[in-house]
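Only one structure is covered here, and it is reproduced in the block below.
The values are calculated or read from the model by the stated rules, or taken from the named source; none is laboratory data. Note that the coordinates shown come from a computational prediction; the quantities given were computed from them, not determined experimentally. Quick reminder, even Gly has a Cβ in these numbers, built from the backbone with ideal geometry, and neighbours come from all protein chains shown.
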Amino acid sequence: MSSTGELHSLPETAQMFLTHLDIEKGSSKATLASYERDLDQFEHFLSTRSLSVAEPEKINRDILRGFLAFLHGKKLAKTSVSRKLSTLRSFFKYMIKMGFITSNPMNGIRNPKQETRHPQALNVDQISTLLDYSKDTSPQHKRDEAIAELLYGSGLRVSEAMGLNLDDVDISSSIIRVYGKGSKERLAPLSDSSVKALDAYIRVRGAFNPSISEEALFLGVRGKRLNRRQVNRILEKMAAEAHLQGRVHPHMLRHSFASHMLQSGADMRSVQELLGHERLTTTQRYTHLNLQHIMNVYDKAHPMSAEHPSDKDDNK
C-alpha cells in the first residue's frame, strides 16, 4: 500500500481471486474490501523483493515468514495479523484450484496466539436505562429507539440491521428477514418492544424525505440508508443521555442479547441460530458471560460467600 493509503492496481491473479469471492462465494462488500487491502499490502511487500502475486509459484514459505515478521514489526493487533494470513491461505488455495501452483506455501505458517477476549455486554438494568433514555417523540428519536430495540431484541449485527429494507419487516407476524455474512438469509423474531418501536418509526419514516425508490428501512437526515458509523454515533449519544458509564457500541447490544438469552435458560443451539453463527464455538464465547452472571448471583446469595450480607452483618 502506498504512503497515501491508496490501493495499487492488483495483478490479474489477485483480481481473479477477488472475482471468485464476489461471484462464487457471495462475499460482502466489506469482506471483499478487506481481502483487497490485505493482498495490496502483501503485493507491496513482495515488490521490495522483486516478486509479485502475479507469479505465485515463486513465493515460498521463507518469503511468507518474512511477511509475518514485517507485520509483527508494524505492531499490528494479533487479530489483524491472523486475518491477513487467512486472506493469503485462501488466495493460495485458489491458486492451487486454478493450477497456478501445486502446493500451498502457507502450510506450516501459524497464526499468532490470540489473547482470550470475552464479549462486552450490558446488564439488564443498563439495557433498560438505555432503551428508556428519553421521552422525545421526534422522528429521529423514534428511529434511534427502533434501532436500539432491534439490535438488542433480535441480536442483529449492525450491518444486518442497516441492510434491512422495508419489505424485510413483517410487523404483523413479528418476523424480519435478515441477510447475514455471505448473504445467508435467516428469519429472526421480533420482541414485543421491537415491534412497537419499529411500527412507531415506520409511521414517521416519511419525515426523512426518502425518494420513491429508496428501499432502506433506516434512513438518515438526507433520506438515504444509514451506515454503521452513524449508528455508532447514535448509540454513543443515547448512552451519554442515559448517563451510562463507558462506551456503548452496536455490537455490545448483540452481546447483551446473547448473554441474557443464555442467562434465561435458552439452549446454545437456539442462540446460535438466532445470532446466525456458522459455528457453535463462536456462540460458546458467551458462556463466559453466563458463568460470570451465575458467580455474581452466588456471591450475593450464598451464605458461605464473602459478599453475602449476613457475613457483613456479623463483621459489624
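For the structure I just gave you, tell me whether His293 is within 19 Å of Leu150 (Cα to Cα), at pLDDT below 90 and either of a type outside the set (A, V, I, L, M) or not assigned by TED's automatic domain parsing to the domain that holds Lys29 (or both).
No, not satisfied.
Find the helices (runs of 4 or more DSSP H) located wholly in region 133-222 whose residues include 2 or more that are basic (Lys, Arg), and list them.
139-154, 192-204
Looking only at region 35-55, count every residue that is among the basic types (Lys, Arg) and within 15 Å of Leu68 (Cα to Cα) and tell me the total.
Looking only at that region, the number is 1.
Filtering region 177-196 down to residues that are of a type outside the set (Gly, Ala, Ser) and at pLDDT 90 or above, which residue is surrounded by the fewest Cβ atoms within 10 Å (Cβ to Cβ)?
If we take residues in region 177-196 being of a type outside the set (Gly, Ala, Ser) and at pLDDT 90 or above, then Asp192 is surrounded by the fewest Cβ atoms within 10 Å (Cβ to Cβ).
Among the listed residues Leu219, Leu226, identify the single one that is out of contact with any strand residue (DSSP E or B) (no Cβ under 6 Å at 6 or more places or on another chain), in contact (Cβ under 8 Å) with a residue 40 or more places away in the chain and within 28 Å of Leu21 (Cβ to Cβ).
Every option except Leu226 fails the conditions.
Just to be sure, is Leu244 among the hydrophobic types (A, V, I, L, M, F, W, C), assigned by TED's automatic domain parsing to the domain that holds Ala161, crowded, with 16+ Cβ neighbours inside 10 Å and within 16 Å of Val124 (Cβ to Cβ)?
Yes: the conditions hold for Leu244.
Could you figure out which of (1) out of contact with any His (no Cβ under 6 Å at 6 or more places or on another chain); (2) touching a residue at least 12 places away in the same chain (Cβ under 8 Å) isn't true of Gly206?
Of everything listed in (1) out of contact with any His (no Cβ under 6 Å at 6 or more places or on another chain); (2) touching a residue at least 12 places away in the same chain (Cβ under 8 Å), Gly206 misses just condition (2).
For the list (1) modelled with pLDDT under 90; (2) crowded, with 17+ Cβ neighbours inside 10 Å, I need the number of the one condition that Ala30 fails.
Of the numbered conditions (1) modelled with pLDDT under 90; (2) crowded, with 17+ Cβ neighbours inside 10 Å, the odd one out for Ala30 is (2).
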